[in-house]
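Q: Let me begin by handing over the structure; questions about it come next.
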Amino acid sequence: MQARKLEMACPVCASTEVFYTCTPDCCFNHVCNNCGATFEPATTATGRQVSGITAPHPLPEASDPTVGCAKCYGTAVYMIGESELACAKCGSVLTLEMTEVARNN
């Protein structure tokens with residue numbers, strides 16, 4: 001199953017121009033290039049599993065959106081299908097939610 005880079009929209013303005021601004025050993029802080037809001041994505045395991053996930057080519061860059069897997073804590077989380085996420089490390093199918101949302105005032 002060919003995966004593609006993780007895509008997410010800003011929870012404030014819905015722009016898809018969002019960037020990862022930290023490191024996985026710290027947090028998952030992202031910033032929206034459009035409105036300046038900051039937020040942290042998180043995942044929840046659905047209980048479903050998939051196998052044979054092929055990482056996207058090219059691989060995501062350091063500033064591309066990223067999130068940790070709720071099951072194994074790996075960061076090889078990619079898009080499969082239209083809007084589903086899956087972890088290439090453990091095969092968990094995941095849902096995405098936004099936490100720590102802060103508007104740029």
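Since every read-out is calculated from the coordinates, none of them should be taken as a lab result. Keep in mind that this is a model prediction, so the values were computed, not measured. Backbone-built Cβ (ideal geometry, glycine too); neighbour counts: all protein chains shown.
Q: Only bridges with both residues in the chain count here: give the DSSP antiparallel percent, nearest 5.
A: 95
Q: In whole percent, what relative contact order does the chain give with Cα contacts below 8 Å and a gap of six or more residues?
A: 33
Q: Which one is right for this structure if percent of Cα pairs over 17 Å apart is calculated from it: (i) 84; (ii) 45; (iii) 49?
A: (iii)
Q: What spacing in nm lies between the two simple spin-label points modelled at Thr44 and Ala14, each 7 Å away from Cα in the Cβ direction?
A: Each label point is offset 7 Å from its Cα along the Cβ direction, giving 2.2 nm.
Q: Related question: Just Ala88, Ala37, Ala62 to compare: in a GNM of the chain, with alpha carbon springs under 10 Å, which one fluctuates most?
A: Top of the fluctuation ranking is Ala62.
Q: Still on this structure, please answer the following. Under 10 Å, Cα contacts only: if you run a Gaussian network model on the chain, which one of Pro41, Pro24, Pro65 comes out with the highest mean-square fluctuation?
A: Taking springs between Cα atoms under 10 Å, the residue moving most is Pro24.
Q: Near Ala37, within a Cβ-to-Cβ distance under 13 Å, what is the net charge of the other residues, with Lys and Arg +1 and Asp and Glu -1?
A: -2
Q: Excluding Val12 itself, what net charge comes from residues whose Cβ is under 14 Å from its Cβ, given Lys and Arg +1 and Asp and Glu -1?
A: Net charge in that neighbourhood comes out at -2.
Q: Follow-up. Looking at the stretch 14-104, which GluC sites (Glu not before Pro) are DSSP coil and have at most 15 other C-beta atoms within 10 Å of their C-beta?
A: Passing both the DSSP loop test and the Cβ count: Glu17, Glu61, Glu82.
Q: With +1 on each Lys and Arg Cβ and -1 on each Asp and Glu Cβ, how big is the dipole of the chain about its Cα centre, in debye rounded to the nearest 20?
A: 240
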